[in-house]
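Before any comments, here is the structure.
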Amino acid sequence: MNERKTGASNSQRSFVSKRGLWGLPYIFLLPATSPLIPTTTSNQQQNRPTINQSPPMAPTTLLPLLLLLLLASAVATFAADPDPLQDLCVADLKSSDRSGVKVNGFVCKDAASVTAEDFFFKGLAAPAATNNSLGSVVTAANVEKIPGLNTLGVSLSRIDYAPGGLNPPHTHPRATEIVFVLYGALDVGFITTANKLVTKTIAQGENFVFPRGLVHFQKNNDGDKPAAVIAAFNSQLPGTQGIAAALFSASPPVPDNVLTKAFQIGTKEVEKIKSRFAPKT
């Protein structure tokens, strides 16, 4: 009995990957005769010179590679805090102290004990004192100050600068930052991984973005007037790591021979810098 042909067999199909919803690739099979896939005629195959070639990869061989590409694309889409799985999860900031349980973030407070105060903070309303060696101070409005931010993936800070004040080079490992100038003017900038400095002077009402994880700074170059910004982050707790402080005031300390070689300076210079970061007694 003659079997009725139903199209290309599985061995005559090829895998095709395209970009799907949310940037994720989806994979489907097309017949080898599809216009999307180049083909050769029998005459062309006969006239082609014989060369040593590896056998074509079977679909079962391609599958692990395709799954790996799919996983890499999926991971790349999750660049900030994970999405919440409920309306709210007010952080129980004392839970870990009582139970010793550690989670990625904070455990949820009992919904019956949630109040409006869990979502309220007035600490950004007024300037903070800037009478320190750097002439700047950061007031954070993150999940540690506003428990209701837990799982919501956002936070704010206010940064006040004395005349000539500096927010020194630092990074936020878990968030991109965007600043809005309340008053004054600032020289701001960040450094790419190719060591390119991207810098600009910004004034009242203007914004500037610092990409996640890149070293950046802000400097009030006006010697007479203060300045202030509001900074927004796409993380409930972006984290801050000051470059100089991390290297010269770590505990236990970074070995002197590491710092002398990295900065091409002598041990005396390293000890002098470390002394300036030592806690004041």
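The values are calculated or read from the model by the stated rules, or taken from the named source; none is laboratory data. Just so we're clear, the structure is a prediction, and the values are computed from it rather than from any experiment. Cβ coordinates were reconstructed from backbone atoms using ideal geometry, including for glycine residues, and neighbour counts include every protein chain displayed.
Quick one: would you say Leu85 is surrounded by fewer than 19 Cβ atoms within 10 Å (Cβ to Cβ), more than 26 Å from Gln218 (Cα to Cα), aliphatic (A, V, I, L, M) and in the same structural domain as Ile230 (by TED's automatic domain parsing)? Criteria not met by Leu85.
Across region 144-165, what is the number of residues that are under 23 Å from Leu134 (Cβ atoms) and buried (at least 18 other Cβ atoms within 10 Å of the Cβ)? It would help to see each step written out before you state the result.
Going through region 144-165, the residues under 23 Å from Leu134 (Cβ atoms) turn out to be 144-145, 155-165.
From the residues that got through so far, the ones that are buried (at least 18 other Cβ atoms within 10 Å of the Cβ) too are 155-162, 165.
Result for region 144-165: 9.
Could you list, in sequence order, all residues of region 167-189 that are aliphatic (A, V, I, L, M), within 11 Å of Pro226 (Cα to Cα) and surrounded by fewer than 18 Cβ atoms within 10 Å (Cβ to Cβ)? Step through it out loud before you land on a result.
We begin by selecting, within region 167-189, every residue aliphatic (A, V, I, L, M); these are 175, 178-179, 181-182, 185-186, 188.
Imposing the further condition that a residue be within 11 Å of Pro226 (Cα to Cα) reduces the set to 182, 185-186.
Within region 167-189, Leu182, Ala185 meet the criteria.
Looking across region 114-154, the residues that are small (Gly, Ala, Ser) and in a loop (DSSP other than H, G, I, E, B) come down to Gly123, Ala125, Ala126, Ala128, Ala129, Ser133, Gly135, Gly153.
Among the residues making up region 173-200, a single one is closer than 22 Å to Gly239 by Cβ and among the basic types (Lys, Arg): Arg174.
Can you tell me which residue within region 241-253, out of those that are surrounded by 16 or more Cβ atoms within 10 Å (Cβ to Cβ) and not in a helix (DSSP H, G or I), is nearest to the chain's Cα centre (by Cα)? Give the derivation first.
Pass one, region 241-253, residues surrounded by 16 or more Cβ atoms within 10 Å (Cβ to Cβ): 242, 247-249.
Add one more test, that the residue is not in a helix (DSSP H, G or I), and what stays is 242, 249.
Values: Gly242: 16, Ser249: 25 Å.
Out of the qualifying residues, it is Gly242.
Just one of (1) over 22 Å from Asp81 (Cβ atoms); (2) among the charged types (D, E, K, R); (3) assigned by TED's automatic domain parsing to the domain that holds Asn132; (4) not in a strand (DSSP E or B) fails for Lys200. It is (4).
For region 254-281, a tally of residues being β-branched (Val, Ile, Thr), in contact with a helix residue (DSSP H, G or I) (Cβ under 8 Å, 6 or more places away or on another chain) and part of a helix (DSSP H, G or I) returns 4.
Quick check on Ser133: is it of a type in the set (Gly, Ala, Ser) and more than 23 Å from the chain's Cα centre (by Cα)? Yes. Taking every residue in region 246-270 that is in contact (Cβ under 8 Å) with a residue 40 or more places away in the chain and not assigned by TED's automatic domain parsing to the domain that holds Thr171 and pairing it with any residue that is part of a loop (DSSP other than H, G, I, E, B) and loosely packed, with under 14 Cβ neighbours inside 10 Å, at least 6 positions away or on another chain, yields no pair with a Cβ-Cβ distance below 8 Å.
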